[in-house]
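Structure first, then comments.
Laboratory data are not the source of any read-out in this text; all were calculated from the coordinates shown. What you are looking at is a predicted structure, and each value in this text was computed from that prediction instead of being measured. Positions of Cβ are backbone-derived with ideal geometry, glycine not excepted, and every protein chain shown enters the neighbour counts.
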Amino acid sequence: MIINLMFIREMVRRFQEDEIPRLSAELAYYFLLSLFPFLIFLFTLLAYLPIPHEDILSVVRQYAPKEALHLIEASIHRVMGYQNGKLLSFSIIGAIWSASNGMNAIVRAFNRAYDVEENRPFFIARGVSVLLTIGMIFVIIVALVLPVFGKMIGLFLFSAFGFSKTFLTVWNALRWVISSLL
């Protein structure tokens, strides 16, 4: 009982000392802020894909507030109406930069939690945050693609390289394991 009480006191002390509520609010802020450049990138990218505007708008209508729906629909028609390489490039740079702010906040939170003094120059620290963000994007894509499209990928590999039927069995099990581990 005394050990549990000491553990709880130490945990509360560290919670206050490391400013956990402030750091978690900072993380939430940066990741929410990175949502908007990501949406601009996504809708600009959709102009290059053969997906009808109405299909996208039907999905947006399910989740968007009715008061803002007209503004959202007009913006989607405007962005998807033409292919703009400059906007696509700018939006992907903006999305990665703003998401790297969130990753940089995670690094600062870990440094604070483990009492590590940041001694890297700004550009090195920011470069690490950008690389971690790109790595996170890759992990999320692989973790989402393998369960959904893994069977088709396995069939493609099977037919393209002439693998045995055992490959398909192993692949179908392995894709779930890889996705879960990621």
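Just one of (i) 1.07; (ii) 1.05; (iii) 1.09 is Rg/Rh (Cα atoms, Kirkwood Rh) as worked out from the coordinates here. Which one is it? Recomputing Rg/Rh (Cα atoms, Kirkwood Rh) here picks out (iii). Each of His70, His53 has some number of other Cβ atoms within 10 Å of its Cβ, and from fewest to most they run His70, His53. Counting Lys and Arg as +1 and Asp and Glu as -1 over every other residue whose Cβ lies under 14 Å from the Cβ of Arg61, the net charge comes to -3. Note on the range 124-182: Rg/Rh from Cα positions, Kirkwood definition for Rh, rounded to two decimals, is 1.17. Going by neighbour counts of Cβ atoms within 10 Å, the residues Phe163, Phe156 line up, fewest first, as Phe156, Phe163.
Charges were assigned to the Cβ only: +1 to each Lys and Arg, -1 to each Asp and Glu. The resulting dipole of the chain about its Cα centre is roughly 340 debye. Each of Val128, Val148 was scored by other Cβ atoms within 10 Å of its Cβ. Arranged with the fewest first, they read Val148, Val128. Here the gap between Ile153 and Ser75, fully extended at 0.36 nm per residue and compared with their Cα-Cα distance, gives a gain of 24.6 nm. Calculate, for Leu49 and Val139, the FRET efficiency according to 1/(1 + (r/R0)^6) with r their C-beta to C-beta distance and R0 22 Å; round to the nearest 0.05. Once the sixth-power term is evaluated, E becomes 0.45.
Please give the calculated 222 nm ellipticity per residue for the chain, where each DSSP H segment of at least 4 residues contributes -39500 (n - 2.57) and the sum is spread over every residue; nearest 500 deg cm²/dmol? Helix-only estimate at 222 nm: -28500 deg cm²/dmol.
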